[in-house]
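Worksheet: the structure to be examined is printed underneath.
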Amino acid sequence: MAAPASTDQTPEFDRIDGLPLPREQMRLVGHRDAEITLLDAYRSKRLHHAWLVGGPKGIGKATLAMRMARFVLSNPDRDAPHLALAADLSVDPEDPAIRRIIAGSHGDLLHLRRPWDEKGKRFKSFLTVDEVRRTVSFFGSTSSYGGWRVCIVDAADDMNASAANALLKILEEPPEKCLFFVLTHSPGRLLPTIRSRCRRLDLKPLTEDEIVQGLEMFGRGGQEAQHAAALADGSLRRAIQLLDAGGIEVANGLDRLISQLPKPDLRQVHRFADVVSERKNEESYRIFLDLLRDWLDRRVRDDAAAGHPPAMLVRWSEVWEKTTRAATLADALNLDRKQVVLGAFQALGEAARERPAA
């Protein structure tokens, strides 16, 4: 059974208000080489049943996987003469199969994501084993339309150990005419046994020009589009969030306080923490964490290039590990997020004081 269509009562994970979901998005920004790789593989006689699609979050992995799913489900005959002429994975949006996919009701497409907890009114922290076990009935029955069946795991990083083992079992014994797209932000963290059963397809971060193109496509052009693209670290999704959730202001505030290290103005730190930690500013809080991680990544690379002691590189890494633990605990126990932000700046200050002078 395919994933249910979105309703007012059942939110869909990772949806951004006002934007199409991957199954609804008919255009792909960037990733031309990856698209041709999938097209050529489908037309060949050696199509691998499982693909591990890797790359940073928000660069288009799910959009590409859905694009391939639409192509396969609307063109089930791989030997059809017209497929030899196809230049990409474009399909007719009026095709009945495509309309079913867009509606989330195609019986041969299974999209596994973190499920909505109706009782807690929030998405579960993991892609659960019960979700992954939906593959048993999905692949255990005949195809709804007599062709291929496609399963998209989005994202495998969200699986707990039980879910990962359940996925591994179905990957080890794939049924006929099935395709898996296992999406991951960090391929190296997946079980080696899962990686070994998939063909690897790594997507590169989008260029700033591609991100600007995507922003314009979604009606978010203008003067700030280039700034958002520069801050987005190759992710169109993050660029959109930066523009829609006050992320530019968050980025400017973070940069201002970091420039004051090791002793940022305490009053400014508290004002900044008040803004990004408010519950109504969920996206701003997440953007802060993402931007902080990116800054720490750059700091580690820059300090390594400058020949700073390995202990200093570890120190910066510890700042992120400490912040991540605090953020995870705050989410799990519904604690005050302001303390997460304040703790991050305290850890930054302590690490900066130990950094050798430039």
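The values are calculated or read from the model by the stated rules, or taken from the named source; none is laboratory data. Note that this is a predicted model, so its numbers are computed, not measured. Every residue, glycine among them, receives a Cβ derived from its backbone with ideal geometry; neighbour counts consider all protein chains shown. SASA here: full protein model, heavy atoms, side chains in, ligands and nucleic acids out. Shrake-Rupley method; radii C 1.70, N 1.55, O 1.52, S 1.80 Å.
Values computed for the structure shown
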quantity: Whole-angstrom gap from region 219-297 to region 54-94, using each part's C-alpha centre; calculated: 35
quantity: Dipole moment magnitude, nearest 20 debye, region 294-334 about Cα centre, only Lys, Arg, Asp, Glu C-beta charged; calculated: 80
quantity: Signed unit charges on C-beta, dipole axis of the chain, positive-most listed residue 194, 296, 142; calculated: 194
quantity: Farthest toward positive dipole pole in region 1-127 [+1 Lys/Arg, -1 Asp/Glu at C-beta], among 104, 90, 62; calculated: 62
quantity: Ratio of Rg to Rh over the chain (Cα coordinates, Kirkwood Rh, two decimals); calculated: 0.99
quantity: Whole-number percent relative contact order across region 38-115, with pairs defined as alpha carbons under 8 Å at least 6 apart; calculated: 29
quantity: Antiparallel content of DSSP bridges confined to the chain, in %, to 5; calculated: 10
quantity: Expected-Rg normalisation [2.2 N^0.38 Å, Cα atoms] applied to region 264-326; calculated: 1.31
quantity: Rounded to 10°, Cα long-axis angle of helix 337-354 versus longest principal axis of the chain; calculated: 60
quantity: For region 1-152, convex hull of alpha carbons as volume per residue, Å³; calculated: 131
quantity: Sites residue 280 and residue 252 - FRET efficiency at Förster radius 25 Å, r taken between beta-carbons, to 0.05; calculated: 0.80
quantity: Phi-based couplings in Hz for region 317-334 (Karplus 6.51, -1.76, 1.60; Gly and Pro marked x); calculated: 4, 5, 4, 5, 4, 5, 5, 5, 4, 5, 5, 5, 5, 4, 5, 5, 9, 6
quantity: Nonlocal amide H pairs with residue 111, under 5 Å, H built at 1.01 Å; calculated: 3, 152
quantity: Residues residue 185 and residue 126, FRET efficiency given R0 of 22 Å [Cβ-Cβ distance, rounded to 0.05]; calculated: 0.90
quantity: Value of relative contact order over region 146-241, rounded to a whole percent, pairs C-alpha under 8 Å and six or more apart; calculated: 25
quantity: Mean Cα-pair separation over length for the chain, i.e. relative contact order, pairs under 8 Å, 6 or more apart, %; calculated: 17
quantity: Point-to-point label distance, residue 37-residue 321, nm (Cα→Cβ direction, 7 Å offset); calculated: 3.2
quantity: The chain: angle of helix 161-172 to the longest principal axis, Cα-based, in degrees nearest 10; calculated: 30
quantity: Choice from 65, 330, 232 showing the highest fluctuation, given a GNM over the chain with Cα pairs closer than 10 Å; calculated: 330
quantity: Size of charge dipole - the chain - debye, nearest 20, with Cβ of Lys, Arg +1 and Asp, Glu -1, no other charges; calculated: 800
quantity: Rounded to 10°, Cα long-axis angle of helix 247-258 versus longest principal axis of the chain; calculated: 40
quantity: Selection of trypsin sites (Lys or Arg not before Pro), region 278-358, meeting DSSP coil and at most 12 other Cβ within 10 Å; calculated: none
quantity: Exceeding the 26 Å Cα-Cα cut-off - candidates 61/177; 121/280; 169/322; 121/177; 57/124; 121/338; calculated: 169/322; 121/177
quantity: Shape call, region 204-358: gyration tensor on alpha carbons, a/c limit 1.5; calculated: oblate
quantity: Percent accessible area from carbon and sulfur atoms, the chain, protein chains only, probe 1.4 Å; calculated: 50
quantity: Probe 1.4 Å, protein heavy atoms only - accessible area per residue of the chain in square angstrom; calculated: 50
quantity: Dipole magnitude (debye, nearest 20) for region 1-91, charges at Cβ of Lys, Arg, Asp, Glu; calculated: 280
quantity: Dipole of the chain [Lys/Arg +1, Asp/Glu -1 at C-beta], most positive-end residue of 44, 356, 72; calculated: 356
quantity: Residue-by-residue Karplus 3J(HN,Hα) for region 213-223, coefficients 6.51, -1.76, 1.60, Hz, glycine and proline x; calculated: 4, x, 4, 5, 4, 9, x, 10, x, x, 5
